[in-house]
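What follows is a single structure, written as structure tokens, with notes after it.
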Amino acid sequence: MTQLNEALLGILACPNCRSSLVVDYEASELVCAKPECGLAYPVRDSIPILLVDEARAPGHRRVEVPETAADDVTHVVVRAEDE
């Protein structure tokens, strides 16, 4: 993931709880800084997808599905191993 604009990051907030967001460059996500919420929003093509329906809940991980597996599926969410 490329660097996100710092000015943009300064005004973005979690749509669920209105807390600030922290960038996770390794996972290409913006993560809510409030531990009680903790939703992680995907960043696709340097565009933050700030939709609660698209967010990954804490304790879950996002797994990419190859395009050959399904034409219209971009990701699936799988429970973490400890759940």
Exposure-ranked with fewest Cβ neighbours within 10 Å first, Leu9, Leu50 stand as Leu9, Leu50
Simple spin-label model, 7 Å along Cα-to-Cβ: Val22 to Cys37 in nm? 1.4 nm
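No lab work stands behind these numbers, since they all come straight from the coordinates. In this text the structure is predicted, and so the values were computed from the model without any measurement. Glycine gets a Cβ as well: all are built from the backbone with ideal geometry, and neighbour counts include every protein chain shown.
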